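Peer 1: Below: one structure in structure tokens.
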Amino acid sequence: MFGYNFHMEDSKKPIVEIYSDGACSGNPGRGGYGTVLRYKKSSGEYVTKELSEGFKNTTNNRMELLGAIVGLEALKGACSVTLTSDSKYLIDAIQQKWIEKWEANGWKTAGKKPVKNVDLWTRLIDLMKKHDIQFIWVKGHNGHEFNEICDKLAVAAYNSDNLSEDKGFSE
């Protein structure tokens, strides 16, 4: 799944948990994402991988999306995924089918304005075609173990000295 070879019985898709969060200092401003991937081996032991990256100038919503995308892109093959995020922007866009409406309307909102972050939404759509994904919303900063870990990763990433350019961001 993420660098390991797992044996799957009955050729079922591996089941993976992904937790993601994004954070910014200023919006736009320095930003980062934090992502945790978990896979339960047949022995019952969990394999966990943490991912994070910081950016010089971006938005919170871009980081929320990027955390989920990077987690899905880290998977080596098609998986059955539970993706948990505290981002209403991400979860509502999927569950309320905004993303489908935006795409059908040529990436325009219901108000005929351009949809923001199209570069990331199209990456996510491609990943949704590859994986079976259940999107789950959790309240942020409310004691959810993996959401808290992701938040710490995201904040540490944007506070680091090694920040990347968010090439898809334009103010």
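The values are calculated or read from the model by the stated rules, or taken from the named source; none is laboratory data. All of these numbers come straight from a predicted model, not from anything done at the bench. As a convention, Cβ positions derive from the backbone with ideal geometry for all residues, glycine included, and neighbour counts pool all protein chains shown. What goes into the accessible areas is simple: the full protein's heavy atoms, side chains included, and nothing from ligands, DNA or RNA. Shrake-Rupley method; radii C 1.70, N 1.55, O 1.52, S 1.80 Å.
Peer 1: Which members of region 140-166 meet the condition of being at pLDDT 95 or above, open to solvent by 30 Å² or more (accessible area, probe 1.4 Å), in a loop (DSSP other than H, G, I, E, B) and not polar (S, T, N, Q)?
Peer 2: D161, E165
Peer 1: Separate question: Are any residues in region 93-132 farther than 30 Å from K41 by Cβ, in contact (Cβ under 8 Å) with a residue 24 or more places away in the chain and either touching an Asp or Glu at 6+ places or on another chain (Cβ under 6 Å) or not polar (S, T, N, Q) (or both), and if so, which ones?
Peer 2: Matches in region 93-132: A93, I99, K116, D119, L120, W121, I125.
Peer 1: If E103 meets every condition in (1) surrounded by 12 or more Cβ atoms within 10 Å (Cβ to Cβ); (2) assigned to a loop (DSSP other than H, G, I, E, B) apart from one, which number is that one?
Peer 2: Among (1) surrounded by 12 or more Cβ atoms within 10 Å (Cβ to Cβ); (2) assigned to a loop (DSSP other than H, G, I, E, B), the lone unmet condition for E103 is (2).
Peer 1: Could we say that S42 is part of a strand (DSSP E or B) and of a type in the set (S, T, N, Q) here?
Peer 2: no
Peer 1: When you look at D126, is it under 19 Å from the mean Cα position of the chain (by Cα) and either open to solvent by 40 Å² or more (accessible area, probe 1.4 Å) or of a type in the set (S, T, N, Q) (or both), yes or no?
Peer 2: Spelling it out, D126 is indeed under 19 Å from the mean Cα position of the chain (by Cα) and either open to solvent by 40 Å² or more (accessible area, probe 1.4 Å) or of a type in the set (S, T, N, Q) (or both).
Peer 1: Listed residues T109, T82; which is surrounded by fewer than 19 Cβ atoms within 10 Å (Cβ to Cβ) and modelled with pLDDT of 95 or more?
Peer 2: The conditions single out T82.
Peer 1: Could you list, in sequence order, all residues of region 52-72 that are open to solvent by 10 Å² or more (accessible area, probe 1.4 Å) and under 12 Å from M128 (Cβ atoms)?
Peer 2: Once the filter is applied, which keeps residues that are open to solvent by 10 Å² or more (accessible area, probe 1.4 Å) and under 12 Å from M128 (Cβ atoms), region 52-72 yields nothing.
Peer 1: Something else: State whether one or more residues within region 11-22 are part of a helix (DSSP H, G or I), open to solvent by 60 Å² or more (accessible area, probe 1.4 Å) and not aromatic (F, W, Y).
Peer 2: Yes, region 11-22 contains a residue that is part of a helix (DSSP H, G or I), open to solvent by 60 Å² or more (accessible area, probe 1.4 Å) and not aromatic (F, W, Y).
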